[in-house]
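K.L.:
What follows is a structure written as structure tokens; I'll ask about it next.
The values are calculated or read from the model by the stated rules, or taken from the named source; none is laboratory data. Just so it is clear, the structure is predicted and the values come from calculations on it, not from any experiment. Ideal geometry is used to build each Cβ from the backbone, glycine not excepted, and the neighbour counts take in all protein chains shown.
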Amino acid sequence: MLATPAVHPRRGEASGLSILGELTALPATLDERQWVAHSGLDPKQHRSGSSVEQKTRISKAGNRYLRAALYMPALVAVQHDPWLRGFYLRLVARGKAKLQALVAVMRKLLHAAWGMLHHDQPYDGAKLCPQT
């Protein structure tokens, strides 16, 4: 007898549940910058005595599962959300590497999630990525 395949939620729903699952463990008193630091997406400068400074990188000191859960939604947002796509393209045009720009989009998504949950408002790309 063959087993019936399990019904899997759509990938977007699974990503959303993963992100919310990781964020619900955080105290409600944290601000959006603390969420970014918890996820390990905050910048970390490397200095070592008299040696030449290296490039700034993300700290990766935070929750790797949250970072991984934000990656695919950021890729999809760059393809389908006009506000985040414009933000991404502006960063690439300024000379940022594609992965650096994608990490910036991941941070923007985390800021958006914080804003939506703490202000009880729907997503608004115009507020998230104002044209400058």
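K.L.:
Based on this model, can you work out whether LYS96 counts as outside any helix (DSSP H, G or I), surrounded by 11 or more Cβ atoms within 10 Å (Cβ to Cβ), of a type in the set (D, E, K, R) and at pLDDT 80 or above? Break it down stepwise before answering.
P.N.:
Working: outside any helix (DSSP H, G or I): yes; surrounded by 11 or more Cβ atoms within 10 Å (Cβ to Cβ): yes; of a type in the set (D, E, K, R): yes; at pLDDT 80 or above: yes.
Judged against the criteria, LYS96 is a match.
K.L.:
Can you say whether ASP81 is among the acidic types (Asp, Glu) and surrounded by 13 or more Cβ atoms within 10 Å (Cβ to Cβ), as far as the supplied structure shows?
P.N.:
Values: among the acidic types (Asp, Glu): yes; surrounded by 13 or more Cβ atoms within 10 Å (Cβ to Cβ): yes.
So ASP81 passes the test.
K.L.:
It is to be established whether one or more residues within the stretch 107-121 are of a type outside the set (S, T, N, Q) and farther than 28 Å from ALA28 by Cβ. Let's see the steps before the verdict.
P.N.:
Filtering the stretch 107-121 for residues of a type outside the set (S, T, N, Q) gives 107-120.
The next check asks that each one be farther than 28 Å from ALA28 by Cβ; those that pass are none.
Taking every residue of the stretch 107-121 in turn, none turns out to be of a type outside the set (S, T, N, Q) and farther than 28 Å from ALA28 by Cβ.
K.L.:
Looking only at residues that are among the small types (Gly, Ala, Ser) and in contact with a Phe, Trp or Tyr (Cβ under 8 Å, 6 or more places away or on another chain) in the stretch 89-112, which one is farthest from ALA74 (Cα to Cα)? Steps first, please.
P.N.:
Here is the first cut: in the stretch 89-112, the residues among the small types (Gly, Ala, Ser) are 93, 95, 97, 101, 104, 112.
Now restrict to residues that are in contact with a Phe, Trp or Tyr (Cβ under 8 Å, 6 or more places away or on another chain): 101, 104, 112.
Details: ALA101: 10, ALA104: 9, ALA112: 12 Å.
Only one residue tops the list, namely ALA112.
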